[in-house]
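The values are calculated or read from the model by the stated rules, or taken from the named source; none is laboratory data. Just so you know, these numbers come straight off a predicted model, no measurement behind them. We place every Cβ from the backbone using ideal geometry, glycine too, and count neighbours over all the protein chains shown.
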Amino acid sequence: MTVTDASPAVSAAELYFQIQQFYAHQMQLLDDGRAEDWALTFTEDGVFAANAHPEPAAGRAVISAAARKATDEYAANGVQRRHWLGMVSVEQRGEDEVFARCYALVIETPRGGQAALRVSTRCDDRLVRQDGRWLVKHRQVTRDDLS
Amino acid sequence: MTVTDASPAVSAAELYFQIQQFYAHQMQLLDDGRAEDWALTFTEDGVFAANAHPEPAAGRAVISAAARKATDEYAANGVQRRHWLGMVSVEQRGEDEVFARCYALVIETPRGGQAALRVSTRCDDRLVRQDGRWLVKHRQVTRDDLS
Amino acid sequence: MTVTDASPAVSAAELYFQIQQFYAHQMQLLDDGRAEDWALTFTEDGVFAANAHPEPAAGRAVISAAARKATDEYAANGVQRRHWLGMVSVEQRGEDEVFARCYALVIETPRGGQAALRVSTRCDDRLVRQDGRWLVKHRQVTRDDLS
């Protein structure tokens, strides 16, 4: 599918649907502890930057290792994380690139304990389509408490 | 409408829209205390299973009675519930069947009191289309604190 | 684009997409402190009514001034607000008018502090399309704790 082949009205809704599905799938992978599969939702040279981290994680290998470490710590502590993305806006920047902005919440529930809102953030993503799949080229997460 | 009649790109977005609208409507019915109408969003032989319950509720009559009981208790206590579904992923399993996975939060607000996050869950739904309407054939709710 | 020109299946998904994007954009404006730009998402004679306020705010000028006042107070206190809308249902009422109902949460994070759920609400909107842009003609916000 090329977006320019479709009527503008249809393609905007279709693109929005694709990005929403991408986010749902991506967050389910992370929250299921599949750190390596989650890292594959970034481009090979993808960047994960956050105002909570001194340096951006650059490249799938680094992103994967960081996610694995965090995932194992949560599992060891018996805490289920849930990443909620919402208020997603999508701007097309080319046939295979979009800029997406959304809000993200992290909800944590300890086994046998009370679910709690951990952090509120804003997420700015540059997404690119490679071989028909959307991937994160650059993600900037801004925690509200640190901004 | 049959999904196979439309182009694949359009039908995926359309299907996603239909499921999102179904969930919005279904949760509004429950949170408005319309337990019997909510039960009608399940098939006649629909099943509601949850890791918080010892046995699944099977069939509309059972689902309706359980929802009525819970609804009346919340109303008697002056508590407004809100079920939030998000991070919805939809997989088509046939022309009239989809598997949908989402996260679900329950937010509770006592009259004159403070809104609070009560539980965080994952919801796995088998949805079927009957007479043009989507219905829940089987729902599995997994509370994060009990999993 | 006129909705009636498109097939019903396509137009419903497209309309839903447009409303979702409108809400994402509208809430980002408010949470970014752009009170005047946010007020422009209401019609010139738009009304913002809330069960938390003794009188509705009627007209863009009044809505803008009220939003500016609140925005400045939050900024002075170093608090980042995030308005989350979800469970959106959309009913078309005419070619250029829809009734939308959704849930809305306000999440607040003080600088250096803990994110918290402030209020849970229901939002009933009458939206109209003017010059191709959706605008709020009438909004009714019902706080769960006051209802």
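Filter the range B:51-66 down to the residues that are touching an Asp or Glu at 6+ places or on another chain (Cβ under 7 Å), buried (at least 18 other Cβ atoms within 10 Å of the Cβ) and small (Gly, Ala, Ser) and list them by number.
Residue satisfying the conditions is B:Ser64 alone.
Here is a check on your reading of the model: is B:Gly112 within 11 Å of chain C (Cβ to nearest Cβ) and in contact with a Cys (Cβ under 7 Å, 6 or more places away or on another chain)?
When the stated conditions are applied, B:Gly112 does not pass them.
Step by step: first the residues of the range B:71-89, then only those that are of a type in the set (Ser, Thr, Tyr) and outside any strand (DSSP E or B), then the one that is nearest to B:Ala39 (Cα to Cα). Which residue is that?
B:Thr71
Pick from A:Arg81, A:Arg34: which is among the basic types (Lys, Arg), free of Cβ contacts under 8 Å to residues at least 60 places away in the same chain and in contact with an Asp or Glu (Cβ under 9 Å, 6 or more places away or on another chain)?
Result of the check over A:Arg81, A:Arg34: A:Arg81.
Of the residues A:Arg81, A:Arg126, which single one is touching a helix residue (DSSP H, G or I) at 6+ places or on another chain (Cβ under 7 Å) and modelled with pLDDT of 95 or more?
Answer to the check: A:Arg81.
Considering each of A:Gln114, A:Gln140 in turn, give the residue that is surrounded by fewer than 21 Cβ atoms within 10 Å (Cβ to Cβ), within 21 Å of A:Ala35 (Cα to Cα) and either without any contact (Cβ under 8 Å) to a residue 60 or more places away in the chain or not basic (Lys, Arg) (or both).
Selected residue: A:Gln140, the only one of A:Gln114, A:Gln140 that is surrounded by fewer than 21 Cβ atoms within 10 Å (Cβ to Cβ), within 21 Å of A:Ala35 (Cα to Cα) and either without any contact (Cβ under 8 Å) to a residue 60 or more places away in the chain or not basic (Lys, Arg) (or both).
Identify, by number, the condition in (1) within 14 Å of chain C (Cβ to nearest Cβ); (2) exposed (fewer than 15 other Cβ atoms within 10 Å of the Cβ) that A:Ala75 doesn't meet.
All conditions pass for A:Ala75, except number (1).
Just the residues that are within 27 Å of B:Arg111 (Cβ to Cβ) and not in a strand (DSSP E or B), please, taken from the range C:31-69.
Passing the criteria: C:Asn51, C:Ala52, C:His53, C:Pro54, C:Glu55, C:Pro56, C:Ala66.
Within the set of pairs 6 or more residues apart or between chains, which connect a residue that is at the interface with chain C (Cβ under 8 Å from one of its Cβ atoms) and in contact (Cβ under 8 Å) with a residue 24 or more places away in the chain inside the range A:85-108 to a residue that is among the small types (Gly, Ala, Ser) and not in a strand (DSSP E or B) with Cβ atoms less than 9 Å apart?
A:Val88/C:Ala24; A:Val90/A:Ala12; A:Val90/C:Ala24; A:Arg101/C:Ala24; A:Cys102/C:Ala24
Would you confirm whether or not the range A:93-101 contains a residue that is modelled with pLDDT of 95 or more and crowded, with 20+ Cβ neighbours inside 10 Å?
Among the residues of the range A:93-101, at least one is modelled with pLDDT of 95 or more and crowded, with 20+ Cβ neighbours inside 10 Å, which makes the answer yes.
Tell me whether the range A:43-50 contains one or more residues that are touching a strand residue (DSSP E or B) at 6+ places or on another chain (Cβ under 8 Å) and crowded, with 19+ Cβ neighbours inside 10 Å.
Within the range A:43-50, one or more residues are touching a strand residue (DSSP E or B) at 6+ places or on another chain (Cβ under 8 Å) and crowded, with 19+ Cβ neighbours inside 10 Å.
If a residue has to be in contact with an Asp or Glu (Cβ under 8 Å, 6 or more places away or on another chain) and surrounded by 17 or more Cβ atoms within 10 Å (Cβ to Cβ) to count, how many in the range A:119-130 make the cut?
So the answer is 8.
Somewhere in the range C:6-23, is a residue crowded, with 19+ Cβ neighbours inside 10 Å, out of contact with any Cys (no Cβ under 7 Å at 6 or more places or on another chain), modelled with pLDDT of 95 or more and under 26 Å from C:Leu146 (Cα atoms)?
Taking every residue of the range C:6-23 in turn, at least one turns out to be crowded, with 19+ Cβ neighbours inside 10 Å, out of contact with any Cys (no Cβ under 7 Å at 6 or more places or on another chain), modelled with pLDDT of 95 or more and under 26 Å from C:Leu146 (Cα atoms).
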